Amino acid sequence: MPETTDSTTGGVSRRGLLLINLGTPDAPQTRPVRRYLRQFLSDPRVLDIPALKRAFVLNAFILPFRPRSSAEAYRTIWTERGSPLLFHGLDLADKLRSRLPGVQVELGMRYQNPSIESALETLRAASVDRIVALPLFPQYSSSAWGSAVEELFSAASRHWNMPAIQVIPPFYDHPAFLDAVAAVAHPVLESVRADRVLMSFHGLPERHVIKSDESARCGDHCLASPDCCDRIVPVNRNCYRAQCIHTAREIARRLGLPQDRWETTFQSRLGREPWLQPYTDVRVRELAAGGVRRIAVLCPAFVADCLETLEEIAIRAREDFIDHGGEELALVPSLNSEDVWADAIVRILEGETALRTAPG
């Protein structure tokens, strides 16, 4: 949209769009991966334990060992353009610039580079005074969506003159998002002819889900019964698991999948405490051992391919599946910078009255 006249000041108001994703190391080597993990796991919304205990766990058990193995994993997915999460985000920003003329579009990462703060600086330098922020996390979690928005307002508050900021809510149930996922998945599923389809979402510790419970006594609803997430109701409106289940159900409906051909699972757990179940890695092995020959995996919590999709699913899960008797595991690509996704974002923004073209 073009620059518009602000009726209250008579001046020119220029708008900006800030895409926010989680982040990626600067390089697939131990040192930059350690920097990334230190920043990520120092976040109290991610590792939600007392600060002293968090520092002890991080420095005694995680940072001395995990960066080396994580760097090896990153090297398996690194490209000539660098991190897939980063270049897909930059490509998406380019496509949105062509669809939103006059809007300054920038990408910011919650952790590492380009940071949210640096993206805000770019927008300020362009004289943007109204910013629409789109956290690229379809489902709400305090550790991703909540942390990104907290950092956004923290970074903005460090300036005397703060821009007006509008944040787009999680879009797990938006038809444009769901249609885009189905459109990308359909040709892959047609080709693979999978016996079973997994909708694999990033996992969370069960305590994170219970803390999102808004019933009179926290924990009365979330994870308190087998059907607690079957419907979105006021007390679980911010429940990550409930939103994932809704997303999976709507994608399956759009793809015409019978109930007995698909299921929801959760991946990427860390540590020994209970995380959301069923676990993707466990189900992959169980399905192979149970005679399922071909499976396809969608990852609808990730709008861009990254370590969790390309290495954890397309490499490790596939190897596990074949080692336990399966024949093929196919990863359905994330939305990345597909045209259908760029178009969907425009629809999401228009639905929130965020970047509608002003008259005149």
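The values are calculated or read from the model by the stated rules, or taken from the named source; none is laboratory data. From a predicted model like this one, the values you see are computed outputs, not experimental measurements. Glycine also receives a Cβ, built like all others from the backbone with ideal geometry; neighbour counts cover every protein chain displayed. All accessible areas refer to the heavy atoms of the entire protein, side chains included, with ligands and DNA or RNA removed. Shrake-Rupley method; radii C 1.70, N 1.55, O 1.52, S 1.80 Å.
Residues considered: Gln29, Gln112. Of these, the only one that is in contact with a strand residue (DSSP E or B) (Cβ under 9 Å, 6 or more places away or on another chain) and modelled with pLDDT of 95 or more is Gln112. Please give the number of the condition Gly108 fails out of (1) within 16 Å of Glu308 (Cβ to Cβ); (2) in contact with a Pro (Cβ under 9 Å, 6 or more places away or on another chain). So Gly108 meets the others, but not (1).
Each row is one residue, and each column tells you yes or no for (1) in contact (Cβ under 8 Å) with a residue 40 or more places away in the chain; (2) part of a helix (DSSP H, G or I).
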| residue | (1), (2) |
| --- | --- |
| Pro226 | no, no |
| Ala252 | yes, yes |
| Asp260 | no, yes |
| Thr264 | yes, no |
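Among the residues of segment 255-303, those that are of a type in the set (D, E, K, R), in contact with a strand residue (DSSP E or B) (Cβ under 8 Å, 6 or more places away or on another chain) and under 18 Å from Phe321 (Cα atoms) comprise Arg261, Glu263, Asp281, Arg283, Arg293, Arg294. The numbered conditions (1) in contact (Cβ under 8 Å) with a residue 24 or more places away in the chain; (2) in a loop (DSSP other than H, G, I, E, B) are all true for Val184 except (2). Residues that are aliphatic (A, V, I, L, M) and part of a loop (DSSP other than H, G, I, E, B) were ranked within segment 189-224; the one that is nearest to the chain's Cα centre (by Cα) is Leu204. Evaluation of Pro169 against the conditions (1) under 29 Å from Leu331 (Cα atoms); (2) in contact with a Lys or Arg (Cβ under 8 Å, 6 or more places away or on another chain); (3) in a loop (DSSP other than H, G, I, E, B); (4) not charged (D, E, K, R) shows that the sole unmet condition is (2).
Being open to solvent by 10 Å² or more (accessible area, probe 1.4 Å) and either under 25 Å from the mean Cα position of the chain (by Cα) or touching a residue at least 40 places away in the same chain (Cβ under 8 Å) (or both): is that true of Gly325 here? Considered against the rule, which asks whether it is open to solvent by 10 Å² or more (accessible area, probe 1.4 Å) and either under 25 Å from the mean Cα position of the chain (by Cα) or touching a residue at least 40 places away in the same chain (Cβ under 8 Å) (or both), Gly325 comes out as no.
Here Arg269 meets the list (1) closer than 17 Å to Ser142 by Cα; (2) exposed (fewer than 15 other Cβ atoms within 10 Å of the Cβ); (3) of a type in the set (Lys, Arg) almost entirely, failing just condition (2). The C-beta contact set for segment 48-65 (first residue in contact (Cβ under 8 Å) with a residue 12 or more places away in the chain, second residue loosely packed, with under 11 Cβ neighbours inside 10 Å and assigned to a helix (DSSP H, G or I), distance under 9 angstrom, 6+ apart or interchain) is empty. The number of residues in segment 71-122 being assigned to a helix (DSSP H, G or I) and either touching a residue at least 60 places away in the same chain (Cβ under 8 Å) or surrounded by fewer than 19 Cβ atoms within 10 Å (Cβ to Cβ) (or both) comes to 29. In the set (1) out of contact with any Asp or Glu (no Cβ under 9 Å at 6 or more places or on another chain); (2) under 26 Å from Trp262 (Cβ atoms); (3) modelled with pLDDT of 95 or more, Asp173 fails one condition alone, (1).
Of the residues making up segment 345-355, at least one is in a loop (DSSP other than H, G, I, E, B), modelled with pLDDT under 95 and open to solvent by 30 Å² or more (accessible area, probe 1.4 Å).
Within segment 300-322, the residues that satisfy the criterion of being under 18 Å from the mean Cα position of the chain (by Cα), in a helix (DSSP H, G or I) and of a type outside the set (S, T, N, Q) are Leu307, Glu308, Leu310, Glu311, Glu312, Ile313, Ala314.
Sub-9 Å Cβ pairs linking a first residue in segment 151-162 that is open to solvent by 40 Å² or more (accessible area, probe 1.4 Å) to a second residue that is of a type in the set (S, T, N, Q), at least 6 apart or interchain, are Glu151/Ser115, ordered by first then second residue. Residues in segment 123-147 that are over 16 Å from Val167 (Cα atoms), open to solvent by 60 Å² or more (accessible area, probe 1.4 Å) and either touching a strand residue (DSSP E or B) at 6+ places or on another chain (Cβ under 8 Å) or in a strand (DSSP E or B) (or both): Ser127 alone.
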